[in-house]
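Colleague: Have a look at this one before I ask anything.
The values are calculated or read from the model by the stated rules, or taken from the named source; none is laboratory data. None of the values given here were measured: they were computed from a predicted structure. In this analysis, Cβ positions are derived from the backbone assuming ideal geometry, glycine residues included, and neighbour counts consider all displayed protein chains.
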Amino acid sequence: LHNIQTATMALLADSTAGQLDQAYTTPTADMNTIRADTGALTLDSYLIRLNGTSVSSGCTYTFSQDGKVVTQITP
């Protein structure tokens, strides 16, 4: 969860809008679908730079549009 939150904050810092394209309320492990700046920025790319890989925990996540609330759903 910590790496997801850290990558989300980095993505939002780089975003001109300062928020995600939408709230992502359906749990997902595909961080390539979490986007900002009309899809120009993806969370997956930030995780790969931070971690060397994307999500590998088996968990899924939901995100508020402002990125302040990231919820981890364990399998």
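Colleague: Check 20, 50 and return the single one that is at negative phi, of a type in the set (A, V, I, L, M) and at pLDDT 95 or above.
Modeller: 20 is the lone residue from the list that is at negative phi, of a type in the set (A, V, I, L, M) and at pLDDT 95 or above.
Colleague: Give segment 57-70 a look and list any residue that's within 12 Å of residue 8 (Cα to Cα) and surrounded by fewer than 13 Cβ atoms within 10 Å (Cβ to Cβ), or say none. If you could, list the steps in order and put the result at the bottom.
Modeller: Kept after step one, since they are within 12 Å of residue 8 (Cα to Cα), are these residues of segment 57-70: 61-70.
Once the filter is applied, which keeps residues that are within 12 Å of residue 8 (Cα to Cα) and surrounded by fewer than 13 Cβ atoms within 10 Å (Cβ to Cβ), segment 57-70 yields 66, 68, 69.
Colleague: Which condition does residue 4 not pass, out of (1) crowded, with 19+ Cβ neighbours inside 10 Å; (2) assigned to a strand (DSSP E or B), if it passes all the others?
Modeller: All conditions pass for residue 4, except number (2).
Colleague: Could you check segment 8-30 and list, in sequence order, the residues that are among the β-branched types (Val, Ile, Thr) and either without any contact (Cβ under 8 Å) to a residue 60 or more places away in the chain or exposed (fewer than 13 other Cβ atoms within 10 Å of the Cβ) (or both)?
Modeller: Of everything in segment 8-30, those that are among the β-branched types (Val, Ile, Thr) and either without any contact (Cβ under 8 Å) to a residue 60 or more places away in the chain or exposed (fewer than 13 other Cβ atoms within 10 Å of the Cβ) (or both) turn out to be 16, 25, 26, 28.
Colleague: Suppose we filter segment 31-46 for residues that are surrounded by 14 or more Cβ atoms within 10 Å (Cβ to Cβ), in a loop (DSSP other than H, G, I, E, B) and either modelled with pLDDT under 95 or more than 9 Å from the chain's Cα centre (by Cα) (or both); how many remain?
Modeller: Qualifying residue count for the region: 1.
Colleague: Please list, ordered by first then second residue, the pairs with beta carbon atoms under 6 Å, 6 or more apart or interchain, first in segment 52-75 and farther than 15 Å from residue 33 by Cβ, second among the aliphatic types (A, V, I, L, M) and in a loop (DSSP other than H, G, I, E, B).
Modeller: Hits for this filter: 64/23; 72/1.
Colleague: Now for a separate question. Residue under question is residue 28, and the condition is that it be among the hydroxyl-bearing types (Ser, Thr, Tyr), at pLDDT 95 or above and over 9 Å from the mean Cα position of the chain (by Cα); does it hold?
Modeller: In short, yes.
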